[in-house]
Amino acid sequence: MNQAHSSQAKPMLSVFALGGVYEIGKNMYVAQYGDDIIVIDCGSKFPDESLLGIDLIIPDVSYLKERSEQIRALIITHGHEDHIGAIPYILRQLDIPVYGTPLTLGLIRGKLKEHGISDKNLHTIQPDSEITLGKLPVAFFRTNHSIPDCVGISIRTPEGTVVHTGDFKFDLSPANGQFPDLHKMARIGEQGVLLLLSESTNAERPGFTPSERMVGERIEEAFQRARNAIFLTTFASNVNRVQQVVDAAMLTNRRLLLLGRSMVNVVKVASDLGYLNIPEGMIVEPKEAANLPRERLAVLCTGSQGEPLAALSRLATSTHPLISIEPGDTVIFASSPIPGNEKNVSATLDHLYLLGANVIHGGGSATGMHVSGHGSQEELKLMLALMKPRFFVPIHGEYRMLHHHRQLAESVGVDRENIFIMKNGEILDIQDQQAVRTRQVPAGNMLVDGFGIGDVGNIVLRDRRHLSEDGILIVVITLSSQDSELLSDPDVITRGFVYVRESEGLLNEVSRLVIFAVEELQRSDQDWNWSMLKTKVKDSIGGFLYAKTKRRPMILPIIIEV
């Protein structure tokens, strides 16, 4: 595809998403004017159960790789995985500067260290910073969310100002004292906003999202009521929530044990940077925790989404090597399930009840143990009213969320024809106050499997699915190198297809069919090769196995010449 400005005497402004619309996660947005490209966020998302063996999904950055010399910066709005999770993988492909606030960069630095990548490209910004990237002045404004140090971004272009909100809510009594900068947002709106990109996660929820301060009060109440050990799980990155747990533990004279690698890492980074205030001696090691009276122990752990290998899941199944949950202990879920994780969370809850724990779960008004970090409808309308954009693109959400956000924008006066629900890769071109979308860039999923990025595609996934459903049958055929005669009966090996000891007759028949296929090919007048032999063997035994078992195992012939 030609660059946005190549056929124009005057450059145009082009804005598009490489991830984050029609989906939750994998956020990456791009603003391009002339030769200047600014990338916003670089997130990952977790695979669903159809992507067997896949660890992460990250954005396809092939468009950016072709124009790497034009990328002026990657700006990160905050430190959640759906905004920073892909950074180590993308920085292997793109040598570009990364800008973020102190806590955000602290979390990114830890990721880069794990991957053996230098942090030389990291640059610290503050909410009042103003920088110039290429020819484009960029400013920031403080927002609040469920992690400290969140910012929105304002990019001034010759066409007009582009504003990206990042994830936000309007919490006017924030637990960490980081108030949203309403005055600066209003000032940006007064100066004129050409295009607003605003997050849509809670666009279906009426009213306002409750304050995080409410959760702190509920946690303290639960700590005061508990008689035995307390186990609390939340998102490791929710630093504000972690501080509330620390405060409740201090109030009730409990020591705190951290379980889960991500929890330990985030607490260390946030403490080192001054975002967590943990009294000396409060954190205990597992051996020390085992010797504490149960009423003096609080455990803060990962596993709020029922992840099978996370600390809480192992505690719930009594497989954690360091500590166990006993009858009468209190388990608190200071979180709500991400859509798609409900099944895993339910299984964990069942196990906890079986252990005799007192379980407190459910966000919102149910228990008050969790509130969203995303603004609800009235807050989304407030952002639109402050910014007063000419054009509006709802981002960060599945289609229904984007649709509801469009309706909210119309309700506060944005013209419907100026609201664009974009797919990943769809470009909005703006020139002379006119916006059109007629172009597309590649914007698919890159699958991360171990150290491999993008080397697992549809064919590999199809094979994995095939193996998981019907198993594999391997046929080893040993031929003479002199005359291609069979030197022995074929070896038939099966895994995940049938139980060998109970299927000897079936496998003997498979062996007989293979011998017949080899001999038939040898008797034919045509020249044949190993590829033809493999195809004939597959055809001969594939139909037979389906007729006998109604299953289609993967058939893998192996030919050895001796």
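The sole residue among A289, A270 that is more than 32 Å from the chain's Cα centre (by Cα) and assigned to a helix (DSSP H, G or I) is A289.
Output the residue which, of all residues in region 485-499 that are within 45 Å of the chain's Cα centre (by Cα) and part of a loop (DSSP other than H, G, I, E, B), is surrounded by the fewest Cβ atoms within 10 Å (Cβ to Cβ).
Taking region 485-499 and keeping what is within 45 Å of the chain's Cα centre (by Cα), we get 491-499.
Among the residues that remain, those that are also part of a loop (DSSP other than H, G, I, E, B) are: 496-499.
Working: G496: 13, F497: 22, V498: 19, Y499: 7.
Top of the filtered list is Y499.
Being among the charged types (D, E, K, R), loosely packed, with under 14 Cβ neighbours inside 10 Å and more than 18 Å from T535 (Cα to Cα) holds for only one residue in E502, E520, and it is E502. For region 96-144, name all the residues that are modelled with pLDDT of 95 or more, of a type in the set (A, V, I, L, M) and over 20 Å from the mean Cα position of the chain (by Cα). Hits for region 96-144 are I96, L122, I125, I131, L133, L136, V138, A139.
Is there a residue being among the hydrophobic types (A, V, I, L, M, F, W, C) and touching a helix residue (DSSP H, G or I) at 6+ places or on another chain (Cβ under 6 Å) anywhere in region 132-144? Within region 132-144, one or more residues are among the hydrophobic types (A, V, I, L, M, F, W, C) and touching a helix residue (DSSP H, G or I) at 6+ places or on another chain (Cβ under 6 Å). Cβ-Cβ contacts under 7 Å between residues 6 or more apart (or on different chains), taken from a first residue in region 482-504 that is more than 24 Å from V562 (Cα to Cα) to a second residue that is of a type in the set (A, V, I, L, M) and part of a loop (DSSP other than H, G, I, E, B), are absent. Scan region 251-258 and give yes if some residue there is in the same structural domain as G356 (by TED's automatic domain parsing), more than 22 Å from L322 (Cα to Cα) and not in a loop (DSSP other than H, G, I, E, B), otherwise no. Yes, because at least one residue in region 251-258 is in the same structural domain as G356 (by TED's automatic domain parsing), more than 22 Å from L322 (Cα to Cα) and not in a loop (DSSP other than H, G, I, E, B). Criterion first (surrounded by fewer than 24 Cβ atoms within 10 Å (Cβ to Cβ), of a type in the set (K, R) and either modelled with pLDDT under 90 or not assigned by TED's automatic domain parsing to the domain that holds V138 (or both)) does K65 satisfy it? So K65 fails the test. In this structure, is P327 farther than 21 Å from G106 by Cα, modelled with pLDDT under 90 and either part of a loop (DSSP other than H, G, I, E, B) or in the same structural domain as F179 (by TED's automatic domain parsing) (or both)? So P327 fails the test.
Residue under question is G373, and the condition is that it be over 30 Å from K65 (Cβ atoms), modelled with pLDDT under 95, buried (at least 20 other Cβ atoms within 10 Å of the Cβ) and in contact with a Ser or Thr (Cβ under 6 Å, 6 or more places away or on another chain); does it hold? Here the answer is yes, as G373 does meet what is asked.
Only residues that are of a type outside the set (D, E) and closer than 25 Å to Y33 by Cβ were counted in region 151-185, giving 18. Residues that are without any contact (Cβ under 8 Å) to a residue 60 or more places away in the chain and exposed (fewer than 12 other Cβ atoms within 10 Å of the Cβ) were ranked within region 529-562; the one that is nearest to E509 (Cα to Cα) is A547. Evaluated against (1) among the hydroxyl-bearing types (S, T, Y); (2) in contact with a Gly (Cβ under 9 Å, 6 or more places away or on another chain); (3) modelled with pLDDT of 90 or more, S336 falls short on exactly one condition, (3).
The residue that is farthest from V242 (Cα to Cα), among those in region 308-322 that are surrounded by fewer than 23 Cβ atoms within 10 Å (Cβ to Cβ) and touching a helix residue (DSSP H, G or I) at 6+ places or on another chain (Cβ under 6 Å), is T317.
Of all the listed residues (S313, S335, S346), the sole one being in contact with a Phe, Trp or Tyr (Cβ under 7 Å, 6 or more places away or on another chain), within 24 Å of F46 (Cα to Cα) and not assigned by TED's automatic domain parsing to the domain that holds S146 is S335. Residues in region 294-309 that are over 19 Å from G362 (Cα atoms) and part of a loop (DSSP other than H, G, I, E, B): P308, L309.
For region 382-441: of the residues being of a type in the set (F, W, Y), in contact with a strand residue (DSSP E or B) (Cβ under 8 Å, 6 or more places away or on another chain) and not in a loop (DSSP other than H, G, I, E, B), which is surrounded by the fewest Cβ atoms within 10 Å (Cβ to Cβ)?
Step one: filter region 382-441 for residues of a type in the set (F, W, Y), giving 391-392, 399, 420.
Narrowing the set further to residues that are in contact with a strand residue (DSSP E or B) (Cβ under 8 Å, 6 or more places away or on another chain) leaves 391-392, 420.
Still in the list and also not in a loop (DSSP other than H, G, I, E, B): 391-392.
Details: F391: 23, F392: 25.
So, considering only residues that are of a type in the set (F, W, Y), in contact with a strand residue (DSSP E or B) (Cβ under 8 Å, 6 or more places away or on another chain) and not in a loop (DSSP other than H, G, I, E, B), the one surrounded by the fewest Cβ atoms within 10 Å (Cβ to Cβ) is F391.
Residues are listed down the side, and each one gets a yes or a no for (1) surrounded by 19 or more Cβ atoms within 10 Å (Cβ to Cβ); (2) closer than 23 Å to F391 by Cβ; (3) among the hydrophobic types (A, V, I, L, M, F, W, C):
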residue	(1), (2), (3)
K135	no, yes, no
C150	yes, no, yes
I153	yes, yes, yes
F168	yes, yes, yes
L172	no, no, yes
R187	no, yes, no
E190	no, yes, no
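Could you grab me the full set of residues in region 174-206 that are small (G, A, S) and within 29 Å of the chain's Cα centre (by Cα)? Scanning region 174-206 gives A175, G177, S198, S200, A203.
The values are calculated or read from the model by the stated rules, or taken from the named source; none is laboratory data. Computed from a predicted structure; not experimentally measured. All Cβ positions, glycine included, derive from the backbone under ideal geometry; neighbour counts span all protein chains shown.
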